[in-house]
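Worksheet: the structure to be examined is printed underneath.
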Amino acid sequence: MIRPLIEEDYQNWLNEFNNRLPSQHKYDKGKMDMSECTQEWFHQLVENHQQLAINDTAHVFGIFRKEDGKHIGMIDFSTLARNDFQWARLGYTIHNQYWRNGYGKEAVGAALQIAFSELKFHRVEVHINMGNVPSVRLAESVGMKFECIREGFIFENGEWTDHRVYCINNKN
């Protein structure tokens, strides 16, 4: 289930972040310090997400497991261009304690439907670190196609890093 976060999600959201496993690979943040993430902080986060959506800057969704409603990750679309482009960047993360269960593929597939039908994007792309094989597999599994390598594309960990770009267009 994909939907914007609401204030009532706080405890569920916090519990699942706190239940993350230690980092599983280079691109996994693993267990995080959530001590600053108070209920008031979360209230501000929810309001910020709402304002980003109103401004069409970004659309941020929580991913919740259907059978029990547990928060299992986040997915977002950043608007890159509108008008003649209708172009967005997709970001996704599944809490590492829920990996290898098909949740990523299901969530990204559902999110792409939202991007095309509700948000009216025509093109969606994802930027993936060069060595992030699980993310490449996920992008390919939902029909995204490798487009290019953008060199020195994103400033991460104190340096400009290359990224693989995968994209998908709305077929309608």
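The values are calculated or read from the model by the stated rules, or taken from the named source; none is laboratory data. Only a predicted model underlies this, so the values are computations on that prediction, with no experimental measurement involved. Note that each Cβ is placed from the backbone with ideal geometry, even for glycine, and that neighbours are counted across all protein chains shown. With ligands, DNA and RNA removed, areas are computed over all heavy atoms of the protein, side chains included. Shrake-Rupley method; radii C 1.70, N 1.55, O 1.52, S 1.80 Å.
Taken over segment 101-132, residues that are of a type in the set (D, E) and in contact (Cβ under 8 Å) with a residue 24 or more places away in the chain amount to 1. Output yes when any residue across segment 32-48 is under 17 Å from the mean Cα position of the chain (by Cα), modelled with pLDDT of 95 or more and among the hydrophobic types (A, V, I, L, M, F, W, C), and no when none is. Among the residues of segment 32-48, at least one is under 17 Å from the mean Cα position of the chain (by Cα), modelled with pLDDT of 95 or more and among the hydrophobic types (A, V, I, L, M, F, W, C), which makes the answer yes.
Might you check whether a residue that is under 29 Å from G143 (Cα atoms) and outside any loop (DSSP other than H, G, I, E, B) occurs anywhere in segment 28-46? Among the residues of segment 28-46, not one is under 29 Å from G143 (Cα atoms) and outside any loop (DSSP other than H, G, I, E, B), which makes the answer no.
When you check G104 against the structure, is it within 27 Å of F17 (Cβ to Cβ) and out of contact with any Lys or Arg (no Cβ under 7 Å at 6 or more places or on another chain), yes or no? It is true that G104 is within 27 Å of F17 (Cβ to Cβ) and out of contact with any Lys or Arg (no Cβ under 7 Å at 6 or more places or on another chain).
Considering segment 49-63 alone, what residues qualify as being open to solvent by 80 Å² or more (accessible area, probe 1.4 Å) and either among the small types (G, A, S) or closer than 21 Å to L14 by Cβ (or both)? Selection gives Q50 alone. Looking only at residues of segment 6-22 that are in a loop (DSSP other than H, G, I, E, B) and touching a residue at least 12 places away in the same chain (Cβ under 8 Å), we find that the one that is least open to solvent (accessible area, probe 1.4 Å) is R20.
Based on this model, can you work out whether K105 counts as charged (D, E, K, R) and over 15 Å from the mean Cα position of the chain (by Cα)? The answer is no for K105.
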